[in-house]
1. Of all residues being under 11 Å from the mean Cα position of the chain (by Cα) and of a type in the set (Val, Ile, Thr) in segment 100-123, which is surrounded by the fewest Cβ atoms within 10 Å (Cβ to Cβ)? Just the residue, please.
2. Only residues that are of a type in the set (Gly, Ala, Ser) and either at pLDDT below 80 or not in a strand (DSSP E or B) (or both): list them for segment 99-117, please.
3. Filter segment 1-29 down to residues that are over 16 Å from CYS72 (Cβ atoms), among the charged types (D, E, K, R) and at pLDDT 90 or above, then give me how many there are.
4. Could you tell me which residue of segment 53-83 is surrounded by the most Cβ atoms within 10 Å (Cβ to Cβ), considering only residues that are touching a helix residue (DSSP H, G or I) at 6+ places or on another chain (Cβ under 8 Å) and in contact (Cβ under 8 Å) with a residue 60 or more places away in the chain?
5. Among the residues of segment 30-49, are any at pLDDT 90 or above, under 18 Å from the mean Cα position of the chain (by Cα) and in a strand (DSSP E or B)?
6. If you go through segment 133-143 one residue at a time, do you hit one that is over 14 Å from VAL62 (Cα atoms), out of contact with any strand residue (DSSP E or B) (no Cβ under 8 Å at 6 or more places or on another chain) and either modelled with pLDDT under 60 or part of a helix (DSSP H, G or I) (or both)?
7. Among the residues of segment 95-107, are any among the aromatic types (Phe, Trp, Tyr) and either in contact with a Pro (Cβ under 7 Å, 6 or more places away or on another chain) or farther than 21 Å from ARG40 by Cβ (or both)?
8. Name every residue in segment 30-52 that is within 14 Å of ASP76 (Cβ to Cβ), surrounded by fewer than 21 Cβ atoms within 10 Å (Cβ to Cβ) and polar (S, T, N, Q), in order of residue number.
Amino acid sequence: MTDATSCSDPAAEDLLVARVGAAQFITLNRQKALNALNLRMIRRLTPQLTCWEKESSTNIVVLKAAGDKAFCSGGDLKSIYHSHQEGGHYAQHFFYEEFSLNSIIGYYKKPLVSLLNGITFGGVSIAVLLKASKALVGCWFILPFICLLFVCLFVCLLFFFYICMCF
């Protein structure tokens, strides 16, 4: 792999960028945190994708993760929790910018491919929106919001049947 393009920030440790020909590779590199996305990663990924979308020398972007344990375990809940305990607004910035990134990914004009491996818990949102995802052997594909939706639907159905039985 060659060095990253001029659009990238070479000081990144948690988000590695490399180019191979006309392909750009982004590697989530927070293995100790199961590659959980933090605000710093989102703030680097957003302009990087925007830059590559405009570059004529980039034909495809591949999103992958360092290590075999996890593709992405979702958002960095530890940082969100600590910020909340200190009265900070990290969560508001995190979710606003993450959903903005999801929008960029969802409407991206060039092919985006993710290579899913290991735990893919909350990070499903950045993978599902892509035009192509490749789940590798041993991928645990979980979207916690879907589970919550099913629980809410089940409770609503129980309530509905309870109301129907009363009349």
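The values are calculated or read from the model by the stated rules, or taken from the named source; none is laboratory data. None of these values were measured; they are calculated from a predicted model. Backbone-built Cβ (ideal geometry, glycine too); neighbour counts: all protein chains shown.
1. Checked segment 100-123; the qualifying residue surrounded by the fewest Cβ atoms within 10 Å (Cβ to Cβ) is ILE105.
2. Answer for segment 99-117, where residues must be of a type in the set (Gly, Ala, Ser) and either at pLDDT below 80 or not in a strand (DSSP E or B) (or both): SER100, SER103, GLY106.
3. Qualifying residue count for the region: 1.
4. PHE71
5. Within segment 30-49, not a single residue is at pLDDT 90 or above, under 18 Å from the mean Cα position of the chain (by Cα) and in a strand (DSSP E or B).
6. So far as segment 133-143 goes, yes, one or more of its residues are over 14 Å from VAL62 (Cα atoms), out of contact with any strand residue (DSSP E or B) (no Cβ under 8 Å at 6 or more places or on another chain) and either modelled with pLDDT under 60 or part of a helix (DSSP H, G or I) (or both).
7. There is at least one residue in segment 95-107 that is among the aromatic types (Phe, Trp, Tyr) and either in contact with a Pro (Cβ under 7 Å, 6 or more places away or on another chain) or farther than 21 Å from ARG40 by Cβ (or both).
8. Residues satisfying the conditions are GLN31, ASN38.
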